[in-house]
Amino acid sequence: MQLKRLYDISVNPKTVLRYMQVLGLKSPIRKKRFISCTRQEMNKKARKVSQNLLARHFIATRPHEKLVTDVSYVYHKQGRLYLSVIKDLYDNSILAYNLSKFNDNQLVFENLDLVFRKDWDKSKSCLLHSDQGFQYTNKQYHKKLETFNVTVSHSRKGNCYDNACCENFFSHLKSESLELFVPENETELMQQIDDFIAWYNFDRPQLKLKGMTPIEYRQTYL
């Protein structure tokens, strides 16, 4: 898609693959990998688990109709941080993200504050889906979202594919950036993630978006 987008050159993907094989080239993008489903759990009395209302229906008809969120490790050569993101399934854009040394409620709640602000339109339905991580099943999380008329949806226990769209973004981030150029330290890691998400939203075309970037596709919504 980038050849067509930047140079107006149309090449069959099989042709590209054949030349890569001749030249001994391998793409680091979208390598197959297993998804870890392990999640921290809390006492059942302190948890509030919602039904899987998203039910793997990952297609949205308008912005903010269906959002997904998750937390993942991101590494630099001296350690790691936790990355929390909120993704809009209408155009696959990353609406908010946050980095922290700690995988705690604050990491997730600061992201919520970036999306659900005073000007949020409560008249339109919104579904926010996540796994059953402790940040997403505590009562404070539910109460915060109820304030904005946001419906909470949770993956079934131990079923990573219920939130595959969020896992998919993390996979792109790691295979296309963090595993190609491992950051030296925390500062470089944060800058690299800033750069990647800006590129992902504004400059990276997607087949599912008719060859447009997330922001370009969003702008077509009437």
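The values are calculated or read from the model by the stated rules, or taken from the named source; none is laboratory data. Everything numeric here is computed off the predicted structure, so don't read it as measured data. Every residue, glycine among them, receives a Cβ derived from its backbone with ideal geometry; neighbour counts consider all protein chains shown.
Tabulated data
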| item | result |
| --- | --- |
| Residue match in the range 55-66 (condition: crowded, with 19+ Cβ neighbours inside 10 Å and not in a loop (DSSP other than H, G, I, E, B)) | yes |
| Residue match in the range 190-213 (condition: polar (S, T, N, Q), modelled with pLDDT under 95 and farther than 21 Å from Ala60 by Cα) | no |
| Candidate set: the range 177-204, residues that are touching a residue at least 60 places away in the same chain (Cβ under 8 Å) and crowded, with 18+ Cβ neighbours inside 10 Å; chosen: the one farthest from Ile86 (Cα to Cα) | Pro183 |
| Given (1) surrounded by 16 or more Cβ atoms within 10 Å (Cβ to Cβ); (2) of a type outside the set (Ser, Thr, Tyr); (3) modelled with pLDDT of 95 or more, number of the condition Arg156 does not satisfy | (1) |
| For Ser125: the one exception among (1) surrounded by 15 or more Cβ atoms within 10 Å (Cβ to Cβ); (2) in contact (Cβ under 8 Å) with a residue 40 or more places away in the chain; (3) not basic (Lys, Arg) | (1) |
| Residues of the range 56-72 satisfying the condition of being more than 13 Å from the chain's Cα centre (by Cα) and either among the basic types (Lys, Arg) or within 18 Å of Asn111 (Cβ to Cβ) (or both) | Arg56, Arg62, Pro63, His64 |
| Residue in the range 25-54 that is modelled with the lowest pLDDT, counting only those that are among the basic types (Lys, Arg) and either surrounded by 13 or more Cβ atoms within 10 Å (Cβ to Cβ) or touching a helix residue (DSSP H, G or I) at 6+ places or on another chain (Cβ under 8 Å) (or both) | Arg39 |
| Within the range 97-122, considering residues that are aliphatic (A, V, I, L, M) and surrounded by fewer than 18 Cβ atoms within 10 Å (Cβ to Cβ), the one nearest to Asn185 (Cα to Cα) | Leu99 |
| Of the criteria (1) more than 19 Å from Val74 (Cβ to Cβ); (2) in contact with a Leu (Cβ under 6 Å, 6 or more places away or on another chain), which one Phe134 fails | (2) |
